[in-house]
């Protein structure tokens with residue numbers, strides 16, 4: 001395996017948005033505070049709230065924001081973002097997360113010749129929940145889920161491994177798993193940074209029963225296309241527990 005020297009002094013950051021105003025400003029601030037951003041590449045699904053207004057304010061402040069409009073699936077949106085990447089490494093960051101302090105500096109120490117991607121654990125925060133045990137449980141579930149299906153909440157990726165990426169356009173879920181598997185098939189490791197994490201603030205509407213059932217149905221449909229992913233559904237009882245805790249605390 002022959003590798004050229006890669007420049008990791010700055011990275012492009014790809015972020016998918018659609019009606020993300022509830023935490024987007026804090027998300028973008030955490031990116032610019034903790035990552036040396038070359039270009040912030042925003043792939044927006046035709047938002048109707050203040051999302052693009054918030055993005056525009058950061059473009060005026062930093063001068064390095066690209067906005068792409070994409071009405072397709074998440075698979076198509078991720079491919080669209082990757083095509084715009086210029087740096088040797090780049091990040092996917094979800095629009096509803098806040099990166100930990102010094103995220104990029106922490107991630108750099110994990111870069112080796114055989115590493116294709118570095119992921120930070122996502123803490124799915126439940127509003128008003130302050131239990132240390134619950135936070136540890138959330139972290140454990142997130143890590144187990146990543147090992148089964150991957151994730152792109154906060155992940156640093158070696159660009160040349162995914163420039164030829166072709167995700168089936170029907171993948172509106174599990175497209176993150178497809179990316180991780182693609183990198184592994186090329187013989188590279190996808191590792192979890194022990195001190196890397198982000199805080200995941202799901203939109204309030206995601207905490208209702210209908211949305212969770214709809215998402216579970218969609219994920220189950222795609223899971224049957226890859227039986228290995230069915231292990232992911234063993235963690236659904238934990239998701240139900242988190243939902244019940246949220247509903248009890250926000251009655």
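Structure summary
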{"item": "Residues located in segment 60-80, provided they are over 17 Å from residue 10 (Cβ atoms), in contact (Cβ under 8 Å) with a residue 12 or more places away in the chain and either touching a helix residue (DSSP H, G or I) at 6+ places or on another chain (Cβ under 7 Å) or not in a loop (DSSP other than H, G, I, E, B) (or both)", "result": "67, 68, 69, 70, 74, 75, 76, 77, 78, 79, 80"}
{"item": "Every residue from segment 1-17 that is at pLDDT below 95 and surrounded by 13 or more Cβ atoms within 10 Å (Cβ to Cβ)", "result": "6, 8"}
{"item": "Every residue from segment 101-122 that is more than 26 Å from residue 185 (Cβ to Cβ) and in a helix (DSSP H, G or I)", "result": "103, 104, 105, 106"}
{"item": "Test for residue 86: is it surrounded by fewer than 20 Cβ atoms within 10 Å (Cβ to Cβ) and either outside any loop (DSSP other than H, G, I, E, B) or under 17 Å from the mean Cα position of the chain (by Cα) (or both)", "result": "no"}
{"item": "Condition met for residue 174 (modelled with pLDDT under 95, more than 18 Å from residue 14 (Cα to Cα), under 18 Å from the mean Cα position of the chain (by Cα) and surrounded by 15 or more Cβ atoms within 10 Å (Cβ to Cβ))", "result": "no"}
{"item": "Some residue of segment 197-217 being touching a strand residue (DSSP E or B) at 6+ places or on another chain (Cβ under 8 Å), crowded, with 18+ Cβ neighbours inside 10 Å, under 25 Å from residue 114 (Cβ atoms) and at pLDDT 55 or above", "result": "yes"}
{"item": "Any pair with Cβ under 7 angstrom, 6 or more apart, that starts in segment 140-165 at a residue that is under 10 Å from residue 119 (Cα atoms) and ends at one that is part of a helix (DSSP H, G or I) and at pLDDT 95 or above", "result": "154/103; 156/107"}
{"item": "Residue 55 free of Cβ contacts under 8 Å to residues at least 40 places away in the same chain and under 20 Å from residue 153 (Cβ atoms)", "result": "yes"}
{"item": "Out of 55, 43, 14, sole residue that is in contact with a strand residue (DSSP E or B) (Cβ under 6 Å, 6 or more places away or on another chain) and in a helix (DSSP H, G or I)", "result": "55"}
{"item": "Unmet requirement for residue 68, which otherwise passes all of (1) within 22 Å of residue 199 (Cβ to Cβ); (2) modelled with pLDDT of 95 or more", "result": "(1)"}
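The values are calculated or read from the model by the stated rules, or taken from the named source; none is laboratory data. Note that the coordinates shown come from a computational prediction; the quantities given were computed from them, not determined experimentally. Neighbour counts are summed over all protein chains in view; Cβ atoms, including those assigned to glycine, are modelled from backbone coordinates with ideal geometry.
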